[in-house]
Every structure is written in C-alpha cells, then in structure tokens.
1. For the chain, take the longest principal axis of its alpha carbons; what is the angle in degrees between that and the long axis of helix 113-122, to the nearest 10 within 0 to 90?
2. Relative to the longest principal axis of the C-alpha atoms of the chain, give the angle of the C-alpha long axis of helix 269-291, reported between 0 and 90° and rounded to the nearest 10°.
3. Just to verify a number: FRET efficiency for residue 30 and residue 84, C-beta to C-beta distance, R0 = 41 Å, to 0.05?
4. For residue 16, list long-range residues whose amide hydrogen, built 1.01 Å from N in the peptide plane, is under 5 Å from its own amide hydrogen.
5. Using a 7 Å offset from the Cα along the Cα-to-Cβ direction at both residue 320 and residue 468, what is the distance between the two label points in nm, to one decimal?
6. Calculate, for residue 585 and residue 519, the FRET efficiency according to 1/(1 + (r/R0)^6) with r their C-beta to C-beta distance and R0 25 Å; round to the nearest 0.05.
7. Would you tell me the accessible area of residue 519, worked out with a 1.4 angstrom probe on the heavy atoms of the protein chains, in Å² to the nearest 10?
8. Relative to the Cα centre, what is the charge dipole magnitude of the chain, using +1 at the beta carbon of each Lys and Arg, -1 at the beta carbon of each Asp and Glu, and rounding to the nearest 20 debye?
Amino acid sequence: MGTKFSSDLMSKPRLTLSTPIIILSAVYLAVILAPLEYSSRLWGINHLVYFGWDTRITVVGISLLVPLLLFGIVSKIPGRRKISWFLLHLGVPLLLLALFYLLRMSTHFLGDGILRARELEVGIWYLPTEPLGVLVNFLTYGLTSRWCGFGAIEAIEVVSFIGGILFYFVALSFARYRFKERQEQLLAFMLLFFSGTTLLFCGYVETYSLLPAVIAIYLVTGIKAIERSGSPLRPLILYLLALLLHFASIYLAPGLLVLAYFYYRQNRPARVIAALGTILSSVAIVIILPSVSERATLSIGGFLIPLVPGEETYWLLSGQHLLDIGNQLLLTAVPALILLVSLLIYRRRVGLAWDWHLAFLVAALPGAIAFICLLDPKLGYASDWDLFASTGVVLSLLVLSIYAATEQVQLSRLGKTLLSAAALACFLSYAVVNSDYEQSIERQVEILSIYGERGGTGFETMGNHLNQEDKTELAERMWKKAAALLPHRRTYSNLGQLMLDQGRLTEARFYIEKGLALDSNYAPLHAILGSIYIEEGQFADAQQRLQRALRLSPEDARIHYNLSRCLASLGQYAEAEKCARQAVSRTPDKARFYCGLGIILAAQGKAKEAKESFLTAVRLDPAMAEPHLNLARFSAAKGEYAEAIQILQRYLRSYPRSPSRAKVELLLEEIQEIQEKQEK
C-alpha cells in the first residue's frame, strides 16, 4: 500500500470508529427522511421535502438495503478471475448505466444546460474557460446526430453517461489499489462513487460531467507515481486535461509542487523540470486562451469572488455564502465528512503514518477549498452546484487515504453499512427530485428565489425553455417572477408576445409599455406593439410601430413579415410583397412566412406564384393548416372541387388532432355543398 508502520504501532489493538460513524450516519439518514419543512436555503439536504412518506421511505429503505446486501455477499463472490472480471467490468457498469438512465434529469435548468444545448445547435463556442468540455460536447453531438439522429440534449446526456462509467472505473481502481479486504474495498468505492456529485452522470447537460473523473484519475495516478507503481508522466497529463475541462482546475497545481519536491528528493531532475514545466504551461493556457477569445471579459473578469464586501451583500464571508459552502459539502461530501469527523474524534489514538502520497493529496486540498470558496458567487451555488462538485471528490480521496493509512483502525459491519447508506441516500435523494419534472421545477423555483435579483436571469431562462415546450402557463409564471426580481426589456417582451399569442391584448400592451419605459429603442417591443395594433385593426399605428422596429433591427425576418401583413391590410400589396419576400429570404425555412407571401400574391392575382408559396409552406411544415386551406380555396376557385376536397380530407387524416381541425372541417363542408349544388 505504499505506507510503512512501526512494529509497536502494528502490535496495538485495532481501534473501532463505529460509534461516531453509526451515530452521524443515522442522524443524516433521519434528517433526509424526516417530514420537516426545511428552508430552501438548506438546499444541500432538503431534497425529499418535495415528496410524501412513500417516496421518502423508499429512498432511505433502498439506501439501507443495497449496502446491507452488498456487504453480506461481497465476501461470497467467487474468487475466479473470469467471473470477477465479468462482474466488475461488464455487469456493474451496465447496471449503473441503467440506473443513470432511470434517474436521468427531467429538466436541464440546473447549471447552464439549456445554454449548452443551444450552443451545439447554433455552433457557438461560448466559454473559453472550458475548452475541452465544450469540444467533447461538440464532437459527441456531431457523431450521435449523424449516426443516431440525436439532438443536442441527447448528445450531452451521452457524455454524462460516459463520465459516470469513467468515474466508476476510477473509484474501483482506487478502492482495489488502496485497500486489501473486500469489504474495505466496497466501503471505499461506495464513499467515493456515491454522493450528490453522482447526479452529473444521470443525463446531466453541461460541460462538467467528465471533470470529477479526470480530477480523480489525476490524483490516483499521482499517488501511484509517488509509490512507483505508475508512470510519472500520467499525473502531469491528467492535470492538463482537468485544466482544459475547466480552468478552475489550476487550483490543483500545489499537488504538482509536491511531486516536483518529491522528485527533487529522489534526485530526478528531469521529472522536477517536467512537473514545474506543467505548472507554467497551465498558467500560460489560462492566460492565453481567454485572451484570444471573443468572450475574454466574461471568462476572466469576475472569475474570483471579491475578498471584501464592497457594494455586494454576497461575498466571501457573508452569511449566505458560508451557508452555501456548507450546503455544497452536504451535497457532495457527506460520507467523507462523517468519516473525517470520526477520525478527528480519535485523532490522538489513530496513529497516522504520514507519507508522500498523503502530502500530495493534502496539497490538493487548497484547490478543493478554492473550488468551493473563491469562484464567482454570481453563479449561484444552489443552481450552478456542478462546477463546485469536484470539491467532494478531492475530499473523499483524501479522507479515504487517511483512513487507509491508519490500519489499526477498524469499522464494524454496521458502521460500514450505515456509512455506505448515507452515501447512497445522498445521491438517490438528489437524483429522485431532479428526475421528477414537477418537483424539480418547484425546487428550482425555490432555490432561484434565494438569490434575489440574481435569480431573475434563471427565471427568465426557465420561462424561455418552458415556452418552447408549449408549457405557456408555467412560462408565464417564470417570466413574471423574473420581471418582479430583475425588470428587463427582454422579459417584458416575452410576456407581451405570450399575451398577444393568447389574445390577451390589454395585458400584452401593459407589459410592452413597461418594457418601453426601460428601453424605448428595443426593436422587439415596437414589433410586438405593432402586432397588437394589427389585431385591434389599427393598421396605420401598426405600420408606424413596425417601420420603427425595422429601422432598429433591419435583419429581423419577423418584423418584415408582420409589416407585410399590415401593408396588405392597408391595400398596399406591392410594398407588402416586398416585405414578405424580405422575410422569406432571411428565414427560408419558416412555413408561416411563405404562407403569408402566398396570401399577398393571391390578392394580386399571381395565382401560380401564390400556389408555389403555399406548396413550399406545406413542405416545410406539413402540420400547418393554413397553406392547406389556401390550396383548397385555389382549387375550388378554379372549379376543381374534387381536388380541394381531397386536399382537406388528406390533411384531416394525417393530423386528426390539429388545433385547426374545426376550421378545416368547416371549409370542407362548404366546398362539398358547392360541389353538390354544381352537380344538380
């Protein structure tokens, strides 16, 4: 194991840590289970308050039952290499993949999941501080979209699952390397693998799913390099990979200083130079890459939390920041903290044998502290917990290594079971609430409310995504919360458009006017107000507003389209046609724009061009009823009633639940009546 003990130390009776571990683990499980209405500010432990007794008992019961069974059968697993290899390298990973998929995220509001998916769809490289994470997402999206037809979210979910399997093998490797007995190996694996951090592997959409595994590999390979059972270059390479996954990993550089000093004591100058060169390279990467990025100001400015309050109420030593740090530790490092507290209670009797590998891990501790303390709090711990999750990995590896270095310490089977149950409950409770759509939204609303104005942006993002999913009632609720916390022209524009789409013109006008009071030169506000005037029949006022919007945003296809509608209503068909053609030229894949152009062309007697526009609209969006209706009217106008009837009947067969079904049926009846009269 790379740790030496004196003979008198080994002759002492083994000390049991079971009592404090049993008590602390039982308290944690009771707190998870207890039907108390915890404040949303205790977001690191209050996951099951959103559920009834049935879910709570199920989660805690499974958390207890699984380790109870595992510790009972682990010593009975056949010692044959082939069977063990099959179970550990194929059977367990497949079970974990099934678990990750079963508990996959129902929403992607935590972190910047929606933004990350949008980046892939539009091809934007937004964050220079996470180059490798973004690159992996882009490559996975390119491959899976081509071979499997996956969308952006599904592609990043694949990365998440891969990160989980990678972390499994790291945890397995560490447990088998550091511990000899099977039950000790199982305990180490459970404590390292299961925590709130494990949610990153449940279809979590972000760039951080690989970071815990890579940091863990870096630390484990560093230990092996010190104990001369691994390549000395591996930890250097892994450190740079972790850095490229996120520049915050530069906080782990003190570990390389320990490696350099260790190699210096071993009289290995080449390795000393390699370790120091790696540190210098990491500093250069952190400075150079953001400086050549278009988002340099965003990525570097505000990267560290202010060390003095200034005008901010949320800073290093503010109450909410300290509470958030505690919550983050409860979420990602509960098992390690329980074991650490137990070791500290008996610190004078533990007899720790210090070694270089422990010094290496301790040197990573400032990095873990920096991860959780020094990053910009504007991210919001409760929502953007993911970047800080690697703190738990570092702490777990350090505490488990300390435990391994104290071989005179032992745990009873009950202590091991309860400690493992606490680790599993930490993961399951967090995963369950995020796999339930309604409860995850309720939780997200509560945690965004913690941060006052800063929560406004989060509510706006939630509203945008919910609106895209046609959950307009929830979207309206989120946008109103955003407007109340952080009034913004964009939020009022969203609310105004939503009210307009629902025919609530008075409310739409109210929100648009509030937005214009904030910024009278925001084109979408003028465009929506112009559309409100169109619905009210005030076409002259609509024309004025839309033309102003077009001056402010001449490339906006929607404004060109709405202005074409307005001009057509005023009888200015030639100008309306120009605007309609501008709309389709700027957005050639929008069926609604082609349908609008067809209507204007038909009004001018350009039947052939109008029909082509309607056919293009049908090709772009077959479910859209309007072009089908217009094509049927064209055929009926030429006396081709059978063709008109066929068009409408085909549409009704293809889309029986169309919201325009009643309109289609009404036109079908009218044409059938005309046909019957003509035949008589």
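The values are calculated or read from the model by the stated rules, or taken from the named source; none is laboratory data. Quantities reported herein were computed from a predicted structural model and do not represent experimental measurements. Cβ placement follows ideal geometry from the backbone for every residue including glycine, while neighbour counts extend to all protein chains displayed. Please note that ligands, DNA and RNA were not included when accessible areas were found on the heavy atoms of the full protein model with its side chains. Shrake-Rupley method; radii C 1.70, N 1.55, O 1.52, S 1.80 Å.
1. Around 60 degrees separate the two axes.
2. The two axes meet at around 20 degrees.
3. Values: r = 36 Å, r/R0 = 0.88.
Efficiency at R0 = 41 Å is approximately 0.70.
4. 410
5. Between residue 320 and residue 468, the label points sit 2.8 nm apart.
6. Details: r = 28 Å, r/R0 = 1.13.
Working from the Cβ atoms, E equals 0.30.
7. The accessible area of residue 519 comes to roughly 40 Å².
8. Here the size comes out at about 2500 debye.
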